[in-house]
Amino acid sequence: MRDLKLPEERHPEKAHRPDQAQPKKPDWIRVRAPNSEGYKQTRDILKEKELVTVCEEAACPNVGECWSARATRP
Ligand code: SF4
């Protein structure tokens with residue numbers, strides 16, 4: 001069963017108090033800027049065909065991974 005109890009130190013009203021500092025997020029949680037060849041090719045095809053994707057409209061953080069695998073959602 002999922003524990004729905006939120007830790008007190010993450011409560012929004014308490015997040016900016018000096019005695020309740022927000023814990024630093026781990027490095028692995030950050031998404032790197034996409035720069036693979038597959039991503040660039042997918043991006044160029046979409047631009048050339050003037051296609052609109054939900055990936056871009058939603059600013060999806062998975063775009064680097066999906067487009068590198070040449071997967072997208074028109
Ligand atoms: S296909 Fe990938 S990048 Fe596009 S919206 Fe879905 S998860 Fe995001």
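It is to be established whether one or more residues within region 27-34 are in contact with a Gly (Cβ under 6 Å, 6 or more places away or on another chain), farther than 29 Å from Pro12 by Cα and of a type outside the set (A, V, I, L, M).
yes
Where in region 31-74 are there helices (runs of 4 or more DSSP H), lying wholly inside it, with at least 1 residues that are away from the ligand (no atom under 11 Å from the Cβ) and modelled with pLDDT under 95? First the steps, then the outcome.
On the way: elements: 37-48, 54-57, 63-68.
The helices (runs of 4 or more DSSP H) meeting that bar are 37-48.
Take Lys14 and decide whether it is surrounded by 12 or more Cβ atoms within 10 Å (Cβ to Cβ) and modelled with pLDDT under 90.
Numbers: surrounded by 12 or more Cβ atoms within 10 Å (Cβ to Cβ): yes; modelled with pLDDT under 90: yes.
Against the criterion (surrounded by 12 or more Cβ atoms within 10 Å (Cβ to Cβ) and modelled with pLDDT under 90), Lys14 qualifies.
The values are calculated or read from the model by the stated rules, or taken from the named source; none is laboratory data. These numbers were taken from a predicted model, which means no experiment stands behind them. Neighbour counts are summed over all protein chains in view; Cβ atoms, including those assigned to glycine, are modelled from backbone coordinates with ideal geometry.
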